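Please read the structure below before turning to the comments.
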Amino acid sequence: MTLSLPELEDTYRQRFPKSAALYERAGEVFVDGVTHDTRRVLPYPIYVERAQGSRKWDVDGNELVDWVSGHGALLLGHNHPTVIEAAQKQLAKGTHYGAGHEAEIRWGEWVKKLVPSAESVRFTSSGTEATLLALRIARAATGRTHVIKFAGHFHGWHDYTMRGRGASSDRVAGVPEQVDATVSLLSPEIGAVAETVAANDDVAAVIVEPSGAAWGTAPLKAGFLQELRELTASKGIVLIFDEVVTGFRWAPGGVQELSGVIPDITTLAKILAGGLPGGAVAGRADLMETLAWIRSQEKPSRKIPHYGTFNANPLSAAAGAACLEIVADGVPQERADATALELRRGLSGVLQELELPGFVYGDSSTFHIVLGRGTGADGEKADRGEMDDDGLLLAPYTRAALALQQAMLVEGVHLFNMGGLVSSVHSPEDVEKTVDAFRRSLPVVEPLL
Ligand code: PLP
């Protein structure tokens, strides 16, 4: 029997009562009761007690197939034994030395070995810090100020890149107009970039998610990265690939390894640190030299100051180095990619079977679901970067999308917005469970399509 929408909410409340109580408590402590904007779920989010492999268990004892995968950080799934062992051994030896340590070198060596553009590395504590530092390096190295970023592309939450994340291009509360004035928000079209750099010789950097906006929610057109590479090289503009999601996932060396397009600077986080906090900027040695102490001896303003209490902390370094060693051969990525392909096919099949408008697409080990418009063939069009970007970026925020997330949770499946990131330990059973859950959930949300 298909639930009506009000029944769906009642069922949700019956299934997750302890989460409701925790959410009420959280509301006394946190704004909106949450600690990250995307964790806000209606009518309230679930609270998780433990996780293992591809699954997690909430405080009400419900077992959930987890496609959030640590916001993409857990390519190896929850608690990979080698990563956990490395972290546990390190935990017993100390979590902060206020000094260098061998694990940070090993970690950095893995980054250099795997990421083609990484001639030199500097660790940060998050992806946001990594993109902030990358832009500062580009500006210091070129002596220019302006930055180009693309509509919908997400680079963390600092002032320079917040505008134009997701579907909105509105100004962001709290970000000074003067900061916005240094950033051009463009469509990911080479003509738009060419026009902007022709009119402005003060462009220091172009920053791009090489998967397309929001981990491939709006894929790029074929050839765009290569065109961007040629244009930026011809103008002495620093090309930054933000591989915070794609790094180590699309391939051990990220999108740059797959595409052969090598940026000047790469930003990394998520998989980099094996499930613990961590980020990195890696790139051309001459650009990274802007961090060098010797420069301040020549002229204090020549050196970029860079601090960070938890940069390359021993715990993240130990877990990160262990994780990168495992993903270096590309086998976990192949497994995750194959599972993602099966999942995309299964979900697409359900839409066809039920004759409902919508499509499923995604690159590498990701999947994205659009409901209410289009058919299966549009999934392929989306993958080729030929669907309208705004529609794709808005898809996770429709009423149908929010209801689907709720219905899927009731069915024991946790989506990440309208899709997810697949790990190397997601199984055919996880795929089957998710496809079945989708088959039962779609009729519930059908009135909203
Ligand atoms: N860049 C991209 C492409 C991201 O997806 C994210 C986070 O999701 C960030 C940067 C920011 O990373 P963090 O959340 O570690 O600050």
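The values are calculated or read from the model by the stated rules, or taken from the named source; none is laboratory data. Note that this is a predicted model, so its numbers are computed, not measured. As a convention, Cβ positions derive from the backbone with ideal geometry for all residues, glycine included, and neighbour counts pool all protein chains shown.
Here are some notes:
- Only residues that are more than 19 Å from the chain's Cα centre (by Cα) and of a type outside the set (A, V, I, L, M) were counted across segment 381-402, and they come to 7.
- For beta carbons closer than 7 Å, sequence separation of 6+ or different chains, a first residue in segment 392-415 that is closer than 17 Å to E63 by Cβ and a second that is surrounded by 21 or more Cβ atoms within 10 Å (Cβ to Cβ) and among the charged types (D, E, K, R), the qualifying pairs are H414/D66.
- Condition check for G308: modelled with pLDDT of 95 or more, within 16 Å of the ligand (Cβ to nearest atom), touching a strand residue (DSSP E or B) at 6+ places or on another chain (Cβ under 9 Å) and on the phi > 0 side of the Ramachandran plot: yes
- Taken over segment 403-424, the residue count meeting the criterion of being within 28 Å of W250 (Cα to Cα) and more than 20 Å from the chain's Cα centre (by Cα) is 4.
- Per-region count, segment 152-190, residues among the small types (G, A, S), under 21 Å from V238 (Cβ atoms) and more than 14 Å from the ligand (Cβ to nearest atom): 3
- Where a residue in segment 235-246 is farther than 21 Å from S126 by Cβ and more than 16 Å from the ligand (Cβ to nearest atom) and its partner, wherever it lies, is among the β-branched types (V, I, T) and not in a strand (DSSP E or B), with Cβ under 6 Å and at least six apart: K235/V197
- Contact annotation: residue pairs with Cβ atoms under 7 Å, 6 or more positions apart or on different chains, pairing a residue in segment 1-12 that is surrounded by 12 or more Cβ atoms within 10 Å (Cβ to Cβ) with a partner that is among the hydroxyl-bearing types (S, T, Y) and at pLDDT 95 or above, are L3/T11.
- Unique match (being on the phi < 0 side of the Ramachandran plot and either in contact with a His (Cβ under 9 Å, 6 or more places away or on another chain) or surrounded by 20 or more Cβ atoms within 10 Å (Cβ to Cβ) (or both)) among V193, V179: V193
- Scanning segment 116-151 for residues that are within 9 Å of the ligand (Cβ to nearest atom) and in a helix (DSSP H, G or I) gives G127, T128, E129, A130, T131.
- Taken residue by residue, segment 249-258 has no member that is more than 20 Å from the chain's Cα centre (by Cα) and modelled with pLDDT of 95 or more.
Residue by residue, here is whether (1) under 20 Å from the mean Cα position of the chain (by Cα); (2) among the aromatic types (F, W, Y); (3) part of a helix (DSSP H, G or I); (4) at pLDDT 95 or above holds:
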residue: M1; (1), (2), (3), (4): no, no, no, no
residue: Y12; (1), (2), (3), (4): no, yes, yes, yes
residue: E49; (1), (2), (3), (4): no, no, no, yes
residue: I84; (1), (2), (3), (4): no, no, yes, yes
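- Hits in segment 65-79 - residues which are away from the ligand (no atom under 16 Å from the Cβ) and touching a helix residue (DSSP H, G or I) at 6+ places or on another chain (Cβ under 7 Å): V65, L76
- Test for Q90: is it away from the ligand (no atom under 16 Å from the Cβ) and closer than 24 Å to E432 by Cα: no
- Among the residues making up segment 247-267, those that are crowded, with 24+ Cβ neighbours inside 10 Å, closer than 14 Å to S211 by Cβ and of a type in the set (A, V, I, L, M, F, W, C) are F248, W250, V255.
- In the set E28, E109, only one residue is surrounded by fewer than 18 Cβ atoms within 10 Å (Cβ to Cβ) and more than 27 Å from the chain's Cα centre (by Cα); that residue is E28.
- Per this entry, S296 is counted among residues that are of a type in the set (S, T, Y), surrounded by fewer than 22 Cβ atoms within 10 Å (Cβ to Cβ) and assigned to a helix (DSSP H, G or I).
- Meets criteria (within 16 Å of the ligand (Cβ to nearest atom), closer than 23 Å to T128 by Cα and in a helix (DSSP H, G or I)) for V255: yes
- Annotation note: of E129, E119, E85, the sole residue that is in contact (Cβ under 8 Å) with a residue 60 or more places away in the chain and more than 30 Å from D264 (Cβ to Cβ) is E85.
- Condition met for A218 (at negative phi and either of a type in the set (G, A, S) or within 11 Å of the ligand (Cβ to nearest atom) (or both)): yes
- Just one of the listed residues (L42, L91, L75) is in contact with a Lys or Arg (Cβ under 9 Å, 6 or more places away or on another chain) and in contact (Cβ under 8 Å) with a residue 12 or more places away in the chain, and it is L75.
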